[in-house]
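Asker: Following this message is one structure expressed as C-alpha cells.
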Amino acid sequence: MTAPPLLELTNISKHYRVRENSANPFAKPKTLRANDGVNIAIERAETFALVGESGSGKSTLGRVALRLLEPTSGSVTFHGSDVTGASASELRAMRREMQVVFQDPLGSLNPRMRIGDIIGEPLRVHEGVRGTELADRVAELMTSVGLDPGRASARPRALSGGQRQRVGIARAISLHPKLILADEAVSALDVSVQAQIANLLVELRERLGLTYLFIGHGLPVVRQVSQRVGVMYMGRIVETGDIREVFEHPAHPYTRALIAASPTPDPTQRRERIILRGEPPSPLDLPSGCSFRTRCPIAKPVCASERPPSVSVGASRSAECFFPLESQAPR
Amino acid sequence: MRNSSSGETLLRLNNLAVNLHRPDRTVPLVRNATLRVARGEVVCLVGESGSGKSVTARTIMGLMQLDRRIGVTGGIEFDGEELNRRGDEQFARLRGKDIAMVFQEPLSSLDPVFTIELQLAQGLRRRERLSRQAERARLLELLNDVGIRDGERVLRSYPHQLSGGMCQRVMIAMALAARPRLLLADEPTTALDVTIQAQILELLDGLRRESGMSVLLVTHDMGVAADLADRVVVMYAGRTVEDAPPEQVFRHAEHPYTAGLLACIPPLEGDRPAVLPAIPGSVPDPSRLPQGCAFSPRCQRATDRCRSEDPPLLEIGSGAAACWHPTTGEEQLAAPAGVSP
Amino acid sequence: MSIEAVQTVAIATRAAPRRRFNGQLTVTLVALGWVALVLVVAVVPALFAAGDPTALQPQRALAAPGETPLGTDQFGRSLWLLIVHGARQSVIVGLAATALAVALGCVLGLWGGYAGGLADMIIGRVIDTLMCFPGVLLALIIAAALGPSIPNLIIAVGVAAVPQFSRVMRGQVLSVRGRLFVEAARSLGFRQLRIILRHVLPNSLAPIVVLATISVGVAIVSAASLSFLGLGPRTDVPDWGQLLASGQPYLSSAWWISTFPGIAITLTVLSISLLGDWLRDRLDTD
C-alpha cells in the first residue's frame, strides 16, 4: 500500500463566461474553458511539471490547485484534507503548507518593505516570532537561499533579478511548507541566473523534502528540475508521465511538436523540426473532438467526431490521443 | 580584415560605443560593439539583459540618436558608407528603406486604433504610389510572403483581433514592404510560444534565402542562434566578447562567458547533470562596471591581468574573442581521459 | 543590470530630461522656508509682533503703511499684528480640514476599492453626488447648516475635499490590489486587514500625500472664502479670510487692508503646492 498523493486534483474545470463582443450587450456570452476535466496526483517529494504554451491553462490550474482561484467544478485534496470545501480560516491554515514562488520576482515583492521584513513577515504573522529570534531566523533563511544576510535592510529594487527570486523563495520556505507552486519561477531570469535558481530549487527539495508543482515553458529547465510532467493544450492534460520518458519518446503528437520546436544550442540539430501548421484555436471556439486536430499532422476523421480517450502508453504514462506515437523504447 | 568569412560586407560596426549622459554621470550602454554582417547572412547577436545587444540594434537603426543625451562614437558602416558622421537625414533616409526593424512586442508595435490594411499601406506609400487595386494586390502579396493565407481577413482586422504570432508576421511584412537590404530583428520571437517561434524563425530563414536580405537577429536564446545563425556574436556588459561561426561557438567557445552560458542550458535528452554548471553572480550594472574585463568577477579563469586590463578582441581560429585566457587548446588538456563518451 | 534597468534606459531615451533647472531646488527651499516661518508664526505669534492685535485706535484708522508697518484697518488696528496673529487660525483650519479629508477619503476609497461590489457602488454614488457640487459651494452649504464656529468651519472645508481623496484612493487601490505582491500576501495566508494596511495602503499613498499638500493650500483659501462670506467663526482675532473681506469696501481708498492678507494667503498656498510638486517628484522615483 503506497502513501496517498500529497496533492490530488480530480476532474478540475475552470470556466469563464466571456462576452466576445463587448459592444453588443445582447451577444450570448461564451464559455472559455481554461481547465476542462483535469486530473493530477502529485506524490511527496517529487516535482511535477506543467508545460504548455500560453493559453493552455497551466497557470490557471496552478492557482486552482492552491485555491487562489475557485474551480468551476472538481475537487482538490491536499495532504488528506479537502481544499475546495475548506472555510476561509481552514484555508488560511492550509496556506502555510502550500506556498507560491511567482514568475515576476520584482512584482511579487512589496516595493516599500525591506527584504528582511518581507522574508520575516510570514513568521511574524503565523508563528508570532519577534525580535532577535526573528532576525536570526531571517538571516538563516537568507543564507539557505544564497543571500548575504547583511542585505536584509535593502529594498527589492536594489537587488538583481536572481537575488529577488531568492527572496521570493526564502519567503516561500519560511513556514516549512510541504508544497511549493513555482509558477514560471525561472522564466523571467537571465539564462545564467536561471541555472542558479534551478539548482537552488532542486537543492531545497532534497534538503527540506519539498514537493513542487513546477509551471514552466522552457523545456530544458523544466526537464532538469522535474520527475514527472503534464503537457497541457487548450485546458486539458494531453500527456503525462515520467518527464525523461515523455521527452525522449513523446506519445502525443503535440508533445512531439513542442519538443521539436524547443530550440537547443546545437547547430547540427537544425531543420529537424516539425513545424506545426496554423495557430492554436480560439479558446472560445474549440474544435469538436480533439482540440489539437486542427494543427495535428496525423489527424484522422475520427479526431473531429469524438474526444480521444486517455490511453495508457506505458508504465504510469498516459496520453489523450486516438493514435499515440510509438512511445516505448524497444526493450 | 578581421572577419575572414566570405561575402561582401553590408554592415560593419567598429568599436561602436553608446553613452547615456546623465547630469551626475555617464552610463556606458554599449562600450565596444564590433561586428560584421555580410550580404545574405544571418548574424545572431546574443547576450543577457544589459549586454547592450538591443541598444546596438537601435543605434544601427538610428533610434538611440533621437535622444539628445545619447552620445554615439565609433563606426557604423552600411554598404560602404559611414553613417555615424552623417546627420539625422542620413539615418532617416535609410530607416525603413534599406534598413528595417522588427521589435519584440508585436502587439504594442502596432497602433490599436487602425486596421492592419491602413498601417501596412502607410509603409508601402512611402516607397511607391499605387492605384487602390494595385495597392491591395501588393498588400496581399506581402502578407502571402510572410505566410498569411487569409490576407483579406487580416487586412480588415485590428491588431487586438490577431494573435501574437500573426501580429509578428504583419510586422515582418511591414518591414519587408520597402524591400530592405538589412532586417534588424530585436528578440522577434521572445514574446511568442515555441511552436509559433519555430514558424517565425523558419519564415525569416526562408525570406533571407529568397531575397538575399541580411538579418541581424538580437536574441538571448542560444538555441535560436544555433537554429539560424551563419555567424554568432556574443555581447557581455556592453561589448563584443566573441564573434565566430556557429560550429566554433557551439563546439568549443573561446570565451569563458560563452562557454559558461552554453554549459548552464540543461540538455533536452540523455542524462541530467546533478547540478547545473551555473555562472556565479549576476550581470553587472552598466553604471558600475568592474575594473578590467567586465566578466572577471564571475570568471573562474580570471587572473590579476583580467582584473586590471580589458582584453582586446583578438582573432582566434575562424573567429575572435576578447579574453586574456581563451579556452583554446585547453579542452584536450582539461578533459580527463575516459570521462567524455 | 536587470530588466527594469533596461526599461529605465528605454524610457529615459524617450522622456526629455526633467529637473535640469537647478533653480527648482532654490525655489523649493524658499517655499520650505516660508511654510516653516508661517508655522512658527502660527504657534508663537507674540515672538514676531508684540502687542494686542485687537486694540482699537480709532484716531489712527485707515493709516497707510509707514508708521505702522503695514498700515491700519478701518478700526485703527495694526495690520501687521492682525496678520501675524491671524495666521494661527488659517493654518489650523487648513491643516485640520485636510487631515479630516485625508482620513475620511482614504477610508472610503480603501473600503470601496478593496471590497468592491455593493459597498463600492454605494460609496461611489455618494461621492458622485458630492462631486456634483463645486467644492466651495459644498463647504458653503455645510457651513451655513452647521453655523459659524472653528470646528464647523473645519468640517465644512474638510468634507468638501473628501470626494477627491476618495476618488484618488479608490483608483490607487484598484491598481495596487491587482499587483502580484498582494496576491503573494494572500497566498501566504495573511488576513485581509493585514493585506490592506501593510501591503495595499502603503503602496497607494504616494498620490494622496501629494494631493494633501495641495489641499492644505486650497483649504486655507476655502476657509478664507467662507470667512469672507461671513460664514467663518466670530472670534476676537480675524483670520486671513476675514481680513481680506473686511478690506473690500476700502479697496479704492485703503488698498493695504485687503492686499497684505491676500499676499500672505497667496504666498502660503503657493509655497505648499511647490512643496507638493517637489514631493511628487521624489515619490515618483521610488
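Asker: I'm trying to understand the selection: among the residues of segment A:128-154, which are surrounded by fewer than 19 Cβ atoms within 10 Å (Cβ to Cβ) and within 28 Å of the chain's Cα centre (by Cα)?
Answerer: Within segment A:128-154, A:E140, A:T143, A:S144, A:G146 meet the criteria.
Asker: For segment B:14-34, name all the residues that are outside any strand (DSSP E or B) and away from every other protein chain (no Cβ under 14 Å).
Answerer: none
Asker: Right, something else. Of everything in segment A:92-107, what is more than 8 Å from chain C (Cβ to nearest Cβ), over 17 Å from A:G80 (Cα atoms) and in contact with a Lys or Arg (Cβ under 8 Å, 6 or more places away or on another chain)? Give them in sequence order.
Answerer: A:P105
Asker: Being touching a residue at least 24 places away in the same chain (Cβ under 8 Å) and under 30 Å from A:L123 (Cβ atoms) is true for just one of C:L153, C:L174, C:L201, C:L180. Which residue is that?
Answerer: C:L201
Asker: With respect to C:A63, is the statement that it is buried (at least 16 other Cβ atoms within 10 Å of the Cβ), modelled with pLDDT under 85, farther than 20 Å from C:I214 by Cβ and of a type outside the set (S, T, N, Q) true?
Answerer: yes
Asker: Among the residues of segment B:130-158, how many are among the polar types (S, T, N, Q) and more than 21 Å from A:R277 (Cβ to Cβ)?
Answerer: Selection size over segment B:130-158: 2.
Asker: Residues that are out of contact with any Asp or Glu (no Cβ under 9 Å at 6 or more places or on another chain), farther than 30 Å from A:R92 by Cα and in a helix (DSSP H, G or I): does segment C:168-176 have at least one?
Answerer: yes
Asker: Which one of A:T264, A:T268, A:T294, A:T255 is closer than 19 Å to B:I196 by Cβ and at pLDDT below 90?
Answerer: Matching residue, one of A:T264, A:T268, A:T294, A:T255: A:T264.
Asker: Tell me, which helices (runs of 4 or more DSSP H) lie completely within segment B:221-328 with 1 or more residues that are in contact with a Cys (Cβ under 6 Å, 6 or more places away or on another chain) and in contact (Cβ under 8 Å) with a residue 40 or more places away in the chain?
Answerer: Here the list reads B:222-228, B:256-263.
Asker: Keeping to segment C:146-175, report how many residues are touching a Pro at 6+ places or on another chain (Cβ under 9 Å) and within 14 Å of chain A (Cβ to nearest Cβ).
Answerer: Of the residues in that region, 1 qualify.
Asker: Could you check how many residues of segment A:177-208 are in a helix (DSSP H, G or I) and of a type in the set (V, I, T)?
Answerer: Residues in segment A:177-208 being in a helix (DSSP H, G or I) and of a type in the set (V, I, T): 4 in total.
Asker: Additional query: List the helices (runs of 4 or more DSSP H) that sit entirely inside segment B:108-183 and contain at least 2 residues that are at pLDDT below 85 and exposed (fewer than 14 other Cβ atoms within 10 Å of the Cβ).
Answerer: B:116-125
Asker: Right, next: Within segment B:264-318, how many residues turn out to be touching a helix residue (DSSP H, G or I) at 6+ places or on another chain (Cβ under 7 Å), more than 14 Å from chain A (Cβ to nearest Cβ) and closer than 16 Å to B:G47 by Cβ?
Answerer: Total meeting the criteria: 1.
Asker: Scanning for something crowded, with 17+ Cβ neighbours inside 10 Å and not in a helix (DSSP H, G or I), does segment C:246-262 turn up at least one residue?
Answerer: Looking through segment C:246-262, at least one residue is crowded, with 17+ Cβ neighbours inside 10 Å and not in a helix (DSSP H, G or I).
Asker: Considering only residues that are touching a residue at least 40 places away in the same chain (Cβ under 8 Å), surrounded by fewer than 20 Cβ atoms within 10 Å (Cβ to Cβ) and either within 21 Å of A:G209 (Cβ to Cβ) or aromatic (F, W, Y) (or both), which ones fall in segment A:27-76?
Answerer: A:E43, A:R44, A:A45, A:E46 - these are the residues of segment A:27-76 that are touching a residue at least 40 places away in the same chain (Cβ under 8 Å), surrounded by fewer than 20 Cβ atoms within 10 Å (Cβ to Cβ) and either within 21 Å of A:G209 (Cβ to Cβ) or aromatic (F, W, Y) (or both).
Asker: Here is a follow-up. I'd like the residue in segment A:209-227 that is more than 14 Å from chain B (Cβ to nearest Cβ) and either assigned to a loop (DSSP other than H, G, I, E, B) or touching an Asp or Glu at 6+ places or on another chain (Cβ under 7 Å) (or both) and, out of all such residues, is surrounded by the fewest Cβ atoms within 10 Å (Cβ to Cβ).
Answerer: Here the residue is A:G209.
Asker: While we're here: Which of the residues spanning segment B:49-83 are within 14 Å of chain C (Cβ to nearest Cβ) and either assigned to a strand (DSSP E or B) or touching a His at 6+ places or on another chain (Cβ under 6 Å) (or both)?
Answerer: B:R69, B:I70, B:G71, B:V72
The values are calculated or read from the model by the stated rules, or taken from the named source; none is laboratory data. Predicted model, so just to flag it, every value in this text is computed and none were measured. Glycine gets a Cβ as well: all are built from the backbone with ideal geometry, and neighbour counts include every protein chain shown.
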